[in-house]
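What follows is a single structure, written as structure tokens, with notes after it.
The values are calculated or read from the model by the stated rules, or taken from the named source; none is laboratory data. Please read these numbers as outputs of a predicted model, since none were measured by experiment. All Cβ positions, even for glycine, are placed from backbone atoms using ideal geometry, and neighbour counts span all protein chains on display.
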Amino acid sequence: MEVIIQPNAESAARMAARLFTHLIRTKPNAVLGLATGGTPVPLYKQLIEQNLDWSQITSFNLDEYIGVGAEHPQSYHAFMHENLFRHVNINSANIHIPDGMAADPDLFCQSYEEKICAAGGIDLQLLGIGTDGHIGFNEPTSSLASRTRIKTLTARTRKDNARFFGSEDAVPFHVITMGIGTILDTRKTVLLATGKNKARAVAEAVEGPITSMNPASALQLHRSAIFCLDEEAASELTRTDYYRWVFDNKPAWQVI
Ligand code: PGA
């Protein structure tokens with residue numbers, strides 16, 4: 001794993017955005033895995049400012065609430081449209097977001113996996129992390145081999161996300177999420193985490209044992225996982241000197 005620590009949320013997002021910019025420029029038909037939540041908003045802003053050509057890009061989002069239609073303001077469909085897609089020239093036929101209104105969610109989940117395979121797999125996956133260590137909506141105790149499926153949110157995640165819905169009661173209980181196995185199959189993944197409330201989950205994920213109690217710790221098994229953190233999210237890590245030393249001494253060919 002690579003841990004990059006930046007002074008603030010803005011510069012952490014810029015570092016993660018650079019990976020996407022580089023990929024879109026060097027592989028115009030890349031397959032991107034995208035995420036929602038408060039954390040990636042500055043990253044999407046920075047990507048929009050780059051005026052990149054998205055015409056051949058394909059995207060797959062991590063998750064969506066069940067029972068929440070695309071037109072619902074808190075749906076992840078609406079989030080992606082508002083924060084990224086309406087600002088870039090992506091072909092809407094190439095956008096994939098789990099359908100929270102699917103008549104047969106199990107069948108939908110299976111076909112989502114098949115579509116990722118048919119697209120050639122995900123080149124670069126963006127992740128956030130929940131205060132409980134979830135990635136996508138893979139809550140603690142999720143199978144580390146899981147694929148896209150239905151999950152039930154923890155009480156903590158529903159509380160964390162109440163800020164988007166106005167009240168905790170309005171937050172759905174169920175979601176469709178890519179599995180941890182789906183995420184581990186991506187070619188490269190960048191987890192962006194900012195703020196003090198993520199520090200414990202980040203420290204457990206990077207330096208703790210691999211355990212389904214912190215689903216992000218499964219990224220220790222990923223072939224190329226990068227954590228982009230601000231100082232606050234990095235504040236409970238013990239080996240920060242080493243992570244900074246690695247970053248400061250990158251060979252030129254490794255710098256993006
Ligand atoms: P947040 O969500 O960016 O809104 O904190 C992250 C997540 O739950 O994965």
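Please go through (1) closer than 12 Å to I5 by Cα; (2) part of a loop (DSSP other than H, G, I, E, B); (3) among the charged types (D, E, K, R) for D241 and return the number of the only condition it doesn't satisfy.
(2)
Just give me the residues in segment 39-86 being in contact (Cβ under 8 Å) with a residue 60 or more places away in the chain, within 14 Å of the ligand (Cβ to nearest atom) and under 23 Å from H174 (Cα atoms), in sequence order.
If the condition is that a residue be in contact (Cβ under 8 Å) with a residue 60 or more places away in the chain, within 14 Å of the ligand (Cβ to nearest atom) and under 23 Å from H174 (Cα atoms), then T39, P40, L62, D63, E64, Y65, Q74 are the ones that fit.
Answer yes or no as to whether G128 is at pLDDT 95 or above, closer than 17 Å to T36 by Cβ and among the small types (G, A, S).
yes
Say whether the condition of being modelled with pLDDT of 95 or more, farther than 23 Å from F173 by Cα, charged (D, E, K, R) and more than 19 Å from the chain's Cα centre (by Cα) is met by at least one residue in segment 93-110.
no
Using the structure shown, decide if H96 is more than 24 Å from K196 (Cα to Cα) and loosely packed, with under 14 Cβ neighbours inside 10 Å.
No: the conditions fail for H96.
Within segment 100-123, count every residue that is in a helix (DSSP H, G or I), charged (D, E, K, R) and either within 9 Å of the ligand (Cβ to nearest atom) or in contact with a Ser or Thr (Cβ under 8 Å, 6 or more places away or on another chain) (or both).
1
Of these, A17, A78, A12, which one is of a type in the set (G, A, S) and either closer than 23 Å to K151 by Cβ or not in a helix (DSSP H, G or I) (or both)?
A78
How many residues does segment 203-218 contain that are part of a helix (DSSP H, G or I) and either at positive phi or buried (at least 17 other Cβ atoms within 10 Å of the Cβ) (or both)?
8
When segment 146-189 is examined, which residues are found to be within 14 Å of the ligand (Cβ to nearest atom) and among the hydroxyl-bearing types (S, T, Y)?
T154, T157, T177, T189
Read through the list (1) in contact (Cβ under 8 Å) with a residue 60 or more places away in the chain; (2) surrounded by fewer than 18 Cβ atoms within 10 Å (Cβ to Cβ); (3) within 15 Å of L62 (Cα to Cα), then give the number of the only condition that E114 fails.
E114 satisfies all of (1) in contact (Cβ under 8 Å) with a residue 60 or more places away in the chain; (2) surrounded by fewer than 18 Cβ atoms within 10 Å (Cβ to Cβ); (3) within 15 Å of L62 (Cα to Cα) except (1).
Mind checking which residues of segment 124-145 are surrounded by 20 or more Cβ atoms within 10 Å (Cβ to Cβ) and either away from the ligand (no atom under 16 Å from the Cβ) or basic (K, R) (or both)?
Within segment 124-145, L124 is the sole residue that qualifies.
Restricting to segment 98-119, name every residue that is in contact with a strand residue (DSSP E or B) (Cβ under 8 Å, 6 or more places away or on another chain) and closer than 18 Å to G181 by Cα.
Answer for segment 98-119, where residues must be in contact with a strand residue (DSSP E or B) (Cβ under 8 Å, 6 or more places away or on another chain) and closer than 18 Å to G181 by Cα: P98, D106, F108, C109, Y112, K115, I116, A119.
Going by the conditions given, is Q74 surrounded by fewer than 18 Cβ atoms within 10 Å (Cβ to Cβ), polar (S, T, N, Q) and closer than 30 Å to F165 by Cβ?
When the stated conditions are applied, Q74 passes them.
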